[in-house]
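To keep things clear, I will list the structure first and then write my remarks on it.
The values are calculated or read from the model by the stated rules, or taken from the named source; none is laboratory data. Quick caveat, the model's predicted, so the values are computed rather than measured. Methodologically, a virtual Cβ is constructed for each residue, glycine included, from the backbone with ideal geometry; neighbour enumeration extends over all protein chains shown.
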Amino acid sequence: MKNYYVMTLFPEMIINGLETSITGRAKKNGIINFEAVNIRDFTNDKHGHVDDYPYGGGAGMVMQPQPVYDCYKYIESKIGKKTRVIYLTPQGKVFNQQMAKEMAQEDNLVFLCGHYEGIDERVLEMIVTDYVSIGDYVLTGGELPSMVMIDSISRMVKGVLSNDVSAEEESFSTNLLEYPQYTRPEVFMEKKVPEVLLSGHHANIEKWRKKLSVERTVQRRPDLFLNDGKKDELIEYMLEYYEGDASRILNILKVCLLADYIAKRENIDERTRYILETAAIVRGVGSGKKLDRILLKFNFDEELISRVKLIVEGEHNQSGLDNQILFESDYLVKMQEEDMSDEEIINICSSKFKTGTGKWICEQILHT
Ligand code: ADE
């Protein structure tokens, strides 16, 4: 059983929100429990106040440390040990699926909801372990953010969703957005369900869904591509592949860094950058089956695999910015490794380099 405690001035808001739907059902089934603890119940102020004017002046009121501290102590004694306390604030680390997954491992979590102009800094220093934001916008309090977090953390807890696979397969677990879904009727206002879904051919359906997931991610959230963790895994794989070969290993790392730097400065789109970076990592493998095996092992999409292969196997004879940047990165490293003369560098730079960044780096590395 996972226990989620919310320290708040508006407990009914939390309970009303979480009692419904899937989190409510999980609570009934004894898989998770949540409790909203009213900070006001712990104030020593005889009028029940929990806030006061800020020292130093300024607009708004600040929540006082005493009720917050005592409220936390009550929860701590109930749990029987010190626990992670998450303070919801726009100043925190932005919440994401990875954090949800990680927090779902904890048996107890305490959420602290601020209001007014915030909470006295001293009590935050004493009890808070994590500062978390749910996005770059400002809300009136931490209640909605804590509910958002509890919702997404709970669904990563085994048994909360009726089908365990579904949480894993959804968007962000794979860093691909979900494919489109359809249900009856087969024709709605003259719009038909895609033919392949009616075919009963499971392999084709899988293929179609993967293709649409990729297309959607490219169009709607290209930023997700660059952060899927595959790049680091692929680099590690290649370094192990070349174990003992210092010059190759350092060459890969140098070319990757340059390609990444040039791509960033040239403002190329995320998808092209992703292709370029993948090609930069695997380019030493050359062509053929070995390259195929590595790319398939990492479950890259077909379109990416064929473009990476064209670049790597074409030995820079392809058109396209991805190919050009890889060529320039490769050459810049070569200039240094082979200790080329200024004359050679100037010659190659003026005849073969096209990006402003590549040319600029050339100028910087000239000896004179
Ligand atoms: N409190 C106010 N705004 C917030 C946000 N964006 N995330 C978390 N807590 C908040």
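Checking each residue in the stretch 101-122 for being aromatic (Phe, Trp, Tyr), outside any strand (DSSP E or B) and crowded, with 21+ Cβ neighbours inside 10 Å picks out no residue at all. Annotation: of all residues in the stretch 131-141 being in a loop (DSSP other than H, G, I, E, B) and of a type in the set (Val, Ile, Thr), the one that is farthest from the ligand (Cβ to nearest atom) is 140.
Scanning the stretch 178-223 for residues that are closer than 30 Å to residue 267 by Cβ and hydroxyl-bearing (Ser, Thr, Tyr) yields 179, 213, 217.
Residue-wise test of (1) part of a loop (DSSP other than H, G, I, E, B); (2) touching a helix residue (DSSP H, G or I) at 6+ places or on another chain (Cβ under 8 Å); (3) among the acidic types (Asp, Glu).
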{"position": "55", "(1), (2), (3)": "yes, no, no"}
{"position": "69", "(1), (2), (3)": "no, yes, no"}
{"position": "82", "(1), (2), (3)": "yes, yes, no"}
{"position": "124", "(1), (2), (3)": "no, no, no"}
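Mind checking whether some residue in the stretch 320-328 is over 18 Å from residue 256 (Cβ atoms), modelled with pLDDT of 90 or more and polar (S, T, N, Q)? Checking the stretch 320-328: not a single residue is over 18 Å from residue 256 (Cβ atoms), modelled with pLDDT of 90 or more and polar (S, T, N, Q). In the stretch 21-53, the residue that is nearest to residue 6 (Cα to Cα) out of those that are of a type in the set (D, E, K, R) and assigned to a loop (DSSP other than H, G, I, E, B) is 45. Annotation: of all residues in the stretch 67-91 being within 10 Å of the ligand (Cβ to nearest atom) and buried (at least 17 other Cβ atoms within 10 Å of the Cβ), the one that is nearest to residue 160 (Cα to Cα) is 86. Being touching a Cys at 6+ places or on another chain (Cβ under 7 Å), closer than 26 Å to residue 42 by Cα and near the ligand (Cβ under 9 Å from one of its atoms) is not true of residue 114. Number of residues in the stretch 225-239 that are touching an Asp or Glu at 6+ places or on another chain (Cβ under 8 Å) and surrounded by fewer than 18 Cβ atoms within 10 Å (Cβ to Cβ) equals 1.
On the given criteria, is residue 128 within 13 Å of residue 69 (Cα to Cα), away from the ligand (no atom under 14 Å from the Cβ) and of a type in the set (A, V, I, L, M)? No, not satisfied.
Could you tell me which numbered condition residue 98 fails, if it satisfies all but one of (1) away from the ligand (no atom under 13 Å from the Cβ); (2) modelled with pLDDT of 95 or more; (3) not in a loop (DSSP other than H, G, I, E, B)? All conditions pass for residue 98, except number (2). Taking first residues from the stretch 129-150 that are free of Cβ contacts under 8 Å to residues at least 60 places away in the same chain and at positive phi and partners that are more than 6 Å from the ligand (Cβ to nearest atom) and among the aliphatic types (A, V, I, L, M), the Cβ contacts under 7 Å between residues at least 6 apart in sequence or on separate chains come to 135/94.
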